Amino acid sequence: MFVIVSASEKRQKQVAEVMGKRGLLALRLRQVDDEANEERNEGALCPFKAHLTPLYEWSSEGTLFSSYHQTQILEYILNDEDERVMGPQLVQKEVLEPGNTPLDQLVKDGKVRSFFRMHHQSKREELTRKWVWAWRDKQPIEDIREYFGEKIALYFAWLGYYTTMLWIPALCGLVLTVAQAWSHHTTGSMDNPWVPLYCCFTAIWGIVFTAGWKRLELAYQYEWDTKAYEETEQERKEFIQDPHTRQAHCEYKDEVELFPDPTWRSIALCVSAIVVCAFITAVVLVVSAIASFKYRLMQTFEPLGIAPVAKGIGGVMQALSIMLFNRVYQVVLRRLTAFENWRTPTEYEDATIAKDFSFKFVNAYFACFFVAFVQNNVTVYGVDMHCPEWHCMPELTVTLACVFAVQMTVVQTIEVGGPVLKAKHREWSEEREMRRKMGEGAVIAPMSEEEKQSKMEPYDGVFEEYQEMVIQFGYVTLFAAAFPLTAALALLNNCIEIRTDAYKLLQATQRPKHKSCADIGTWGSILDIITTAAILTNCALVGFTSHGLFFYLPDLTPVERVWVTVMIEHALLLFKVILETMLTEAPAEAVAAYERRCFLRDKVLAECEFLEPEEGDVAFFTDDEDDV
């Protein structure tokens with residue numbers, strides 16, 4: 001049995017005012033230009049007050065409260081979070097487990113199978129039309145924010161910015177690929193004078209990309225008023241319920257505060273470090289074993305004239321091992337982070353990202369790093385696997401191409417196909433069960449929209465989306481000259497990724513809970529780390545792996561080669577520091593627009609202050625409005 005919960009507009013206003021006083025719900029004030037035309041999304045955000053209703057901007061769905069706000073209001077009522085809203089008291093507060101809401105408790109007790117937020121059908125169709133199928137149009141970021149929240153909107157804003165910026169290295173990479181093909185045709189080698197320039201250019205592009213995003217991110221913070229978000233975060237339910245959470249009385253707040261047991265946290269962090277190091281060691285051993293197998297296979301295939309096939313097989317094996325390790329580690333990762341008992345969702349996510357990247361940086365890139373910098377210099381499992389003529393760029397190209405292409409194809413297929421197939425399988429299984437009970441000739445009514453959405457997978461957040469894109473960014477920047485088509489393939493993948501991610505959100509998963517955020521969190525720090533690493537790896541490629549420097553300085557000695565490489569690396573690092581120092585502030589126009597909105601908001605509130613009813617002038621709740 002399905003229960004659909006709704007509330008009248010008057011009831012919504014009453015609850016929204018209580019939420020507004022607690023800083024839980026804010027709407028934009030109307031903003032008009034000099035000709036009295038309304039400017040969408042230009043007004044300041046203001047806590048909801050019923051007497052200011054005519055001054056608020058209506059949602060794009062044609063209602064005062066968007067469908068997101070309506071679900072937020074309904075959950076507030078059902079969870080009875082404030083006695084003034086006079087909720088239905090689904091569960092007596094005395095029997096609630098710490099950290100559980102009444103809805104959570106009903107699910108835990110088995111009285112409710114699950115609860116989920118319904119998609120708003122007309123807005124869903126509009127977003128599908130304007131976002132999923134509109135390949136040449138800009139993403140409707142404001143509509144995404146209104147429907148899904150700041151966290152998901154910020155991910156798509158970042159992905160759109162990244163995809164737009166990829167056009168530059170993609171076009172340059174295509175030019176370099178043509179130059180390499182011509183060089184190989186005329187000289188038998190893919191080395192040419194453009195390789196060192198492309199390596200330096202890609203490192204500079206990565207620096208500009210990360211610095212530019214930081215400014216754009218600050219602009220979104222001012223536009224969406226999320227600068228102070230983390231200060232208002234609530235504690236995680238799992239943290240409250242964890243037996244290793246302790247209590248202490250805060251004197252200046254005069255309330256009980258929760259904190260993690262320091263000893264337990266230290267033990268948990270040590271365990272996490274040991275497990276992550278064990279996985280990294282396993283990756284190094286497996287990559288080395290595959291490289292040894294590939295070398296022996298090449299020796300077997302070389303008399304037959306098909307040695308490149310062995311390189312391809314080795315590259316595919318490396319890609320499959322990367323994906324297998326990722327799958328296993330993902331299960332372990334969640335348990336390790338839960339074991340550490342973090343207080344807020346942001347702390348939990350940052351800890352997850354830190355451990356995830358510590359392992360996946362090695363897992364994703366060590367195969368390429370091994371070919372570029374280790375294979376010529378180290379004996380592995382007793383085998384000297386140095387490259388022909390000590391030149392590893394051709395083998396690095398094959399390895400990077402195989403790893404990147406296989407992962408891109410498989411991950412994209414699983415990402416979209418998984419939720420769709422699971423939902424269809426649930427529908428088919430239920431229909432088959434009904435036919436078994438009612439007989440093969442029975443006429444089964446088509447599923448309602450509520451039933452279809454109940455069969456969908458819950459949305460699992462943007463963590464894996466960021467993870468996939470950040471790893472891709474590493475492939476684009478860290479080994480730029482090895483496979484210059486990486487940027488073009490990444491651009492093609494991302495154009496598809498934006499639309500498939502949008503389709504998954506709108507058509508293949510249940511509507512997620514609205515979540516806010518101030519920035520992309522630890523992912524920003526990881527992008528900085530990759531950008532710095534890209535400077536080092538590209539300089540090393542230019543100086544040691546390729547022979548590109550000899551086109552400019554043909555008489556270099558080995559010592560001079562090292563010095564030139566170090567000078568280029570230092571110059572790029574200096575450029576990074578200078579650019580980031582210059583671009584630390586938010587765009588002046590974003591700050592000015594924010595200050596203008598706040599000034600107009602304060603002015604409106606001051607002018608309308610006399611309209612605000614006195615506390616207790618009217619009854620908050622009336623029986624004729626009990627539509628919930």
*Out of THR346, THR397, report the one residue that is over 25 Å from MET317 (Cβ atoms) and in contact (Cβ under 8 Å) with a residue 12 or more places away in the chain.*
THR346
*Out of (1) within 16 Å of PRO54 (Cα to Cα); (2) assigned to a loop (DSSP other than H, G, I, E, B); (3) at pLDDT 80 or above, the odd one out for SER6 is which?*
(1)
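If I ask for residues that are small (Gly, Ala, Ser) and either assigned to a loop (DSSP other than H, G, I, E, B) or over 19 Å from SER189 (Cα atoms) (or both), which ones from the range 541-573 would you list?
Our first condition is that a residue be small (Gly, Ala, Ser); within the range 541-573, this holds for 543, 546, 548, 571.
Answer for the range 541-573, where residues must be small (Gly, Ala, Ser) and either assigned to a loop (DSSP other than H, G, I, E, B) or over 19 Å from SER189 (Cα atoms) (or both): SER546, ALA571.
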*How many residues are over 24 Å from ARG145 (Cβ atoms) and among the aromatic types (Phe, Trp, Tyr) if we restrict to the range 217-249?*
1
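Take the residues in the range 352-383 that are among the small types (Gly, Ala, Ser) and surrounded by 21 or more Cβ atoms within 10 Å (Cβ to Cβ), then tell me which one is nearest to the chain's Cα centre (by Cα).
If we filter the range 352-383 for residues that are among the small types (Gly, Ala, Ser), which is where we start, we get 354, 358, 364, 367, 372, 382.
Okay, now just the ones that are also surrounded by 21 or more Cβ atoms within 10 Å (Cβ to Cβ), so 364, 367, 372.
Working: ALA364: 18, ALA367: 25, ALA372: 30 Å.
The residue in question is ALA364.
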_Lone unmet requirement of (1) within 20 Å of the chain's Cα centre (by Cα); (2) buried (at least 17 other Cβ atoms within 10 Å of the Cβ); (3) modelled with pLDDT under 90 for THR344_ = (2)
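Would you check if there is a residue in the range 4-11 being within 32 Å of the chain's Cα centre (by Cα) and surrounded by 12 or more Cβ atoms within 10 Å (Cβ to Cβ)?
Looking through the range 4-11, at least one residue is within 32 Å of the chain's Cα centre (by Cα) and surrounded by 12 or more Cβ atoms within 10 Å (Cβ to Cβ).
So that you can scan it fast, the table gives a plain yes or no per residue for (1) free of Cβ contacts under 8 Å to residues at least 24 places away in the same chain; (2) assigned by TED's automatic domain parsing to the domain that holds ARG145; (3) out of contact with any Ser or Thr (no Cβ under 8 Å at 6 or more places or on another chain); (4) part of a helix (DSSP H, G or I):
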position: ASN192; (1), (2), (3), (4): no, yes, no, no
position: ALA203; (1), (2), (3), (4): no, yes, no, yes
position: TYR220; (1), (2), (3), (4): no, yes, no, yes
position: PHE239; (1), (2), (3), (4): no, no, no, yes
position: PHE259; (1), (2), (3), (4): no, yes, no, no
position: VAL275; (1), (2), (3), (4): no, yes, yes, yes
*Can you spot a residue in the range 295-306 that is touching a helix residue (DSSP H, G or I) at 6+ places or on another chain (Cβ under 6 Å), part of a helix (DSSP H, G or I) and at pLDDT below 85?*
yes
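Hey, among ARG40, ARG84, which residue is among the basic types (Lys, Arg), at pLDDT below 85 and assigned to a loop (DSSP other than H, G, I, E, B)? Quick ask: steps written out before the conclusion?
Numbers: ARG84 fails: assigned to a loop (DSSP other than H, G, I, E, B).
Exactly one of ARG40, ARG84 is among the basic types (Lys, Arg), at pLDDT below 85 and assigned to a loop (DSSP other than H, G, I, E, B), namely ARG40.
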_Just the residues that are closer than 21 Å to ILE496 by Cα and crowded, with 17+ Cβ neighbours inside 10 Å, please, taken from the range 96-125._
ARG124
*asked:* Suppose we filter TYR503, TYR475 for residues that are under 24 Å from VAL362 (Cα atoms) and in a helix (DSSP H, G or I); which single one remains?
replied: TYR475
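Given the condition under 15 Å from HIS120 (Cβ atoms) and in the same structural domain as ALA16 (by TED's automatic domain parsing), answer yes or no: does some residue in the range 42-56 qualify?
Quick first cut of the range 42-56, residues under 15 Å from HIS120 (Cβ atoms) only: none.
No - not one qualifying residue is present in the range 42-56.
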*How many residues, within the range 43-71, are of a type outside the set (Asp, Glu), part of a loop (DSSP other than H, G, I, E, B) and more than 13 Å from ARG597 (Cα to Cα)?*
10
*Report yes if PRO446 is in a loop (DSSP other than H, G, I, E, B) and more than 29 Å from the chain's Cα centre (by Cα), otherwise no.*
yes
_Filter result (in a helix (DSSP H, G or I) and without any contact (Cβ under 8 Å) to a residue 24 or more places away in the chain) within the range 132-152_ = ILE141, ILE144
*Any chance TYR475 is farther than 18 Å from LYS294 by Cα and either in contact (Cβ under 8 Å) with a residue 12 or more places away in the chain or in contact with a Gly (Cβ under 6 Å, 6 or more places away or on another chain) (or both)*: yes
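Where residues in the range 238-280 are of a type in the set (D, E, K, R) and within 26 Å of VAL328 (Cα to Cα), which of them is modelled with the highest pLDDT?
Here is the first cut: in the range 238-280, the ones of a type in the set (D, E, K, R) are 238, 242, 246, 251, 253-255, 257, 261, 265.
Within this subset, residues satisfying the condition of being within 26 Å of VAL328 (Cα to Cα) are 238, 242, 265.
Details: GLU238: 87, ASP242: 86, ARG265: 91.
Only one residue tops the list, namely ARG265.
The values are calculated or read from the model by the stated rules, or taken from the named source; none is laboratory data. Please read these numbers as outputs of a predicted model, since none were measured by experiment. No Cβ is skipped: glycine too gets one built from the backbone with ideal geometry, and neighbour counts run over all protein chains shown.
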